[in-house]
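Each value in this text was obtained by applying a stated rule to the coordinates, not by laboratory testing. Bear in mind the structure is a predicted one, so any value in this text is a computation, not a measurement. Glycine gets a Cβ as well: all are built from the backbone with ideal geometry, and neighbour counts include every protein chain shown.
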Amino acid sequence: MFRLWGKLFKDNRMVKDMTVCDDSSDTRTHKIFRGLEDICYAWDLGKPIWLDSTIQDFQRHKKSRFYQDNFIETIDFDFLEIQIIEE
């Protein structure tokens, strides 16, 4: 079972969190993108852009943060963090 944990932070506090589970036989990359889409849809956020630094952090730590630079729209939180908690 693949599980992706999404967390929304504002003023150094977690204000929302959500776990997305995926049992499909899809690739790891597709599961990550689909999980991020589900989290953004549930919280009514625009889809963030994967910058090179975001990709490198995710490859190293299985965790990444999306700041204002990753979003086209203005956001009312500090950052969105995603983390793989089970593969």
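Under 17 Å Cα to Cα from LYS16, which aspartates and glutamates show up? Leave out anything in the same chain fewer than 8 places away.
Of all the aspartates and glutamates, those that pass the test against LYS16 - Cα under 17 Å, at least 8 places apart if same chain - are GLU37, ASP38, ASP44, ASP76, ASP78, GLU81.
Compute the signed sum of charges (Lys and Arg +1, Asp and Glu -1) over the other residues within less than 10 Å, Cβ to Cβ, of LYS10. Before the final figure, lay out each step's value.
On the way: positive: ARG13, LYS16; negative: ASP11, ASP76, ASP78.
Result for the neighbourhood of LYS10: -1.
Just to confirm a number: summing +1 for Lys and Arg and -1 for Asp and Glu over residues other than GLU86 whose beta-carbon lies under 14 angstrom from that of GLU86, what do you get?
Details: positive: ARG3, ARG28, LYS31, LYS62, LYS63; negative: ASP22, ASP23, GLU87.
Computed value for this residue: +2.
If you stretched the chain out fully between ASP52 and LYS16, how much longer would it get, using 0.36 nm times the residue separation minus the C-alpha to C-alpha distance? Each step should come with its number before you reach the end.
Values: separation 36, 0.36 × 36 = 12.96 nm, distance 2.57 nm.
Contour length minus the Cα-Cα distance gives 10.4 nm.
Give me the number: length gained by fully extending SER25 to ASP69, i.e. 0.36 nm times residue separation minus the C-alpha to C-alpha distance, one decimal in nm.
12.6 nm
What is the sum of charges around TYR67, taking Lys and Arg as +1, Asp and Glu as -1, for the other residues whose C-beta is under 15 Å from the C-beta of TYR67? Write out the running numbers ahead of the final one.
Working: positive: LYS7, LYS10, LYS47, LYS63, ARG65; negative: ASP11, ASP52, ASP57, ASP69, GLU73, ASP76, ASP78, GLU81.
Result for the neighbourhood of TYR67: -3.
Highest mean first, how do 24-30, 14-20, 78-84 rank when packing is the count of other Cβ atoms within 10 Å averaged over residues? Could you put the intermediate results ahead of the total?
Values: 24-30: 9.6, 14-20: 13.6, 78-84: 18.3.
Put in order of decreasing packing, that is 78-84, 14-20, 24-30.
How big is the chain by the Kirkwood estimate over distinct Cα pairs, in Å? Spell out each step's value before the answer.
On the way: mean 1/r = 0.0762 Å⁻¹.
Every distinct Cα pair counted, the radius reaches 13.1 Å.
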